[in-house]
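Structure record follows, encoded as structure tokens.
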Amino acid sequence: MIPLQTITLTDRLLSVLGLEGAGPLAVFVVAFLAAGLIGTFVLLNTALAGPWAKRKITASFTDRVSVNRIGPAGIGTIVVDAVRLLSKELIIPEKVDRPAYDFAPIILAGSALLGFAVIPMGSGIQLADPEIGLAYVFAVASIATLGLLMAGYASNNKYSFLGGLRAVAQNLAYEIPLVLTGASVVIFAGTLQLGNVNAPGTIVGAQQATLVTIAGISIPQWFAFVNPFAFALFLMANLAEVGRNPFDIPEAPTEIVAGYQTEYSSVYFVLFYLGEFIHIFLGGAIIATLFLGGPAGPVLPGIVWFLIKIWGVFLLTQWARSALPRVRIDQLIEIGWKGMLVLSLANLLLTAAIVGVIA
């Protein structure tokens, strides 16, 4: 059963609007409004990260000058890039497979947005808290693979098709270790429900206790501290899932032009670009929820801590993009199946044994 402490954003809006006990139509409208607020929050972070923060961070890592001409620190580039890309002509190559060609970018961006429906971002800032929350997040996030394959196949381009096939091979090789590592957290918490800081019977709630006190400083029972090996495995598998170095094989520009997105332009390209960064932030949100206590933190509001954590993961992905060389496709598959899979299985078995002994 869902803990009584779990209060969703819809519940809060109903309370603010004085609509407690209202009919299903009013609840549906308010839930739609809550979904719009969550979606806007995610898209604002993505808009800040994609055209501006990514360039600033990469320039800092590589000792270069980044965008600085439009607005303070070049932040006006966000608006300029949006107008520039959306105003470009949408060119549809001959003999593409429509509607697969049209739906692919929508699937990529939409699957990531759906994942945020159950992510706890702060006290009462959560659309839903189902008992199978973690399974739902993994399920909807994996739909992106279908979008990448559709884009590669439908483009009538050999390089795009290779990119789509690489994406499937990569996601299969690293999604299984990702899920197995997440399952080790489920064994510790005893539930698939993500919950929030006020729900002790959930994944986030289980991390609110004190693990150890050193020199008067309480170290929280975040699963990153409880099982740092699983945390490191999950971070690495997440880099592969979001296609960041050394795992940016599906869109390797020096080998296959731009992979699955080679034949996309204008608004379709924007959707691919948007979907890529939404998935990066979704990966950061999952990491924060499973290993870093969710929105928990001292002094500052939960939503602020949630932002700090997901932007920290984003910074890590950009560091990897600037610092790590790309591996070959055969090396990538070998790392996934012979390395990550074995390590994630070992971690799962060891976690089950430890929890079994403690219990």
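When the residues of the stretch 301-327 are filtered to those that are out of contact with any helix residue (DSSP H, G or I) (no Cβ under 8 Å at 6 or more places or on another chain) and assigned to a loop (DSSP other than H, G, I, E, B), which remaining residue is most open to solvent (accessible area, probe 1.4 Å)?
So, considering only residues that are out of contact with any helix residue (DSSP H, G or I) (no Cβ under 8 Å at 6 or more places or on another chain) and assigned to a loop (DSSP other than H, G, I, E, B), the one most open to solvent (accessible area, probe 1.4 Å) is PRO325.
So, in the stretch 212-270, exactly how many residues are over 20 Å from ALA169 (Cβ atoms), touching a residue at least 24 places away in the same chain (Cβ under 8 Å) and among the small types (Gly, Ala, Ser)?
4
Picking from PHE291, PHE277, PHE314, which residue would you name as being aromatic (Phe, Trp, Tyr) and either in contact with a Pro (Cβ under 8 Å, 6 or more places away or on another chain) or under 20 Å from GLY147 (Cβ atoms) (or both)?
Sole residue among the options that is aromatic (Phe, Trp, Tyr) and either in contact with a Pro (Cβ under 8 Å, 6 or more places away or on another chain) or under 20 Å from GLY147 (Cβ atoms) (or both): PHE277.
Please name all residue pairs, on different chains or six or more residues apart, with Cβ atoms under 8 Å, provided the first residue is in the stretch 53-70 and is over 23 Å from ILE310 (Cβ atoms) and the second residue is among the small types (Gly, Ala, Ser) and part of a helix (DSSP H, G or I).
Once the first residue is over 23 Å from ILE310 (Cβ atoms) and sits in the stretch 53-70, its partners that are among the small types (Gly, Ala, Ser) and part of a helix (DSSP H, G or I) give THR62/SER322; VAL65/ALA59; ASN68/GLY74.
Please tell me if THR40 is part of a helix (DSSP H, G or I), under 30 Å from LEU127 (Cα atoms) and either modelled with pLDDT of 85 or more or open to solvent by less than 50 Å² (accessible area, probe 1.4 Å) (or both).
For THR40, the condition - part of a helix (DSSP H, G or I), under 30 Å from LEU127 (Cα atoms) and either modelled with pLDDT of 85 or more or open to solvent by less than 50 Å² (accessible area, probe 1.4 Å) (or both) - is met.
Checking the structure you have, find out if any residue of the stretch 204-225 is within 30 Å of LYS338 (Cβ to Cβ) and surrounded by fewer than 18 Cβ atoms within 10 Å (Cβ to Cβ).
Yes - at least one qualifying residue is present in the stretch 204-225.
Tell me which residues, restricted to the stretch 328-359, are of a type in the set (Val, Ile, Thr), modelled with pLDDT of 85 or more and open to solvent by 30 Å² or more (accessible area, probe 1.4 Å).
ILE333, ILE335, VAL342, ILE354
Considering every residue within the stretch 283-293, establish whether at least one is under 13 Å from the mean Cα position of the chain (by Cα), within 20 Å of LEU43 (Cα to Cα) and open to solvent by 20 Å² or more (accessible area, probe 1.4 Å).
no
For the stretch 186-295, which fully contained helices (runs of 4 or more DSSP H) count at least 3 residues that are closer than 30 Å to LEU165 by Cα?
In the stretch 186-295, the matching helices (runs of 4 or more DSSP H) lie at 228-241, 253-256, 266-291.
Could you tell me which residue of the stretch 124-163 is nearest to GLY39 (Cα to Cα), considering only residues that are in contact with a helix residue (DSSP H, G or I) (Cβ under 7 Å, 6 or more places away or on another chain) and of a type in the set (S, T, N, Q)?
Ranking the qualifying residues of the stretch 124-163, first place goes to GLN126.
Anything in the stretch 68-81 that is closer than 20 Å to SER266 by Cα and either outside any helix (DSSP H, G or I) or of a type in the set (A, V, I, L, M, F, W, C) (or both)? List them, or say none.
Scanning the stretch 68-81 gives GLY76, ILE78, VAL79, VAL80.
Is it true that some residue in the stretch 230-243 is farther than 18 Å from TRP337 by Cα, at pLDDT 85 or above and not acidic (Asp, Glu)?
Within the stretch 230-243, one or more residues are farther than 18 Å from TRP337 by Cα, at pLDDT 85 or above and not acidic (Asp, Glu).
Restricted to the stretch 117-144, and to residues that are assigned to a helix (DSSP H, G or I) and surrounded by 22 or more Cβ atoms within 10 Å (Cβ to Cβ), which residue is farthest from the chain's Cα centre (by Cα)?
GLY133
Right, ARG12: open to solvent by 80 Å² or more (accessible area, probe 1.4 Å), touching a Gly at 6+ places or on another chain (Cβ under 6 Å), in a helix (DSSP H, G or I) and not polar (S, T, N, Q) or not?
Answer is yes for this residue.
Any idea which residue in the stretch 160-201 is farthest from SER142 (Cα to Cα), counting only those that are of a type in the set (Gly, Ala, Ser) and open to solvent by 10 Å² or more (accessible area, probe 1.4 Å)?
Across the stretch 160-201, the extreme among qualifying residues is GLY201.
Does LEU165 meet the test of being touching a Pro at 6+ places or on another chain (Cβ under 9 Å) and assigned to a strand (DSSP E or B)?
Criteria not met by LEU165.
Results for (1) open to solvent by 60 Å² or more (accessible area, probe 1.4 Å); (2) part of a helix (DSSP H, G or I); (3) under 15 Å from ILE278 (Cα atoms), shown as yes or no for each residue.
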site: GLY21; (1), (2), (3): yes, no, no
site: PHE28; (1), (2), (3): yes, yes, no
site: ALA35; (1), (2), (3): no, yes, no
site: SER60; (1), (2), (3): yes, yes, no
site: SER66; (1), (2), (3): no, no, no
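The values are calculated or read from the model by the stated rules, or taken from the named source; none is laboratory data. If you're wondering where the values come from, they're calculated on a predicted model, not measured in any experiment. Cβ sites come from the backbone with ideal geometry, for glycine too, and all protein chains shown count toward neighbours. Just the protein is used for accessible areas: all its heavy atoms, side chains included, with ligands, DNA and RNA removed. Shrake-Rupley method; radii C 1.70, N 1.55, O 1.52, S 1.80 Å.
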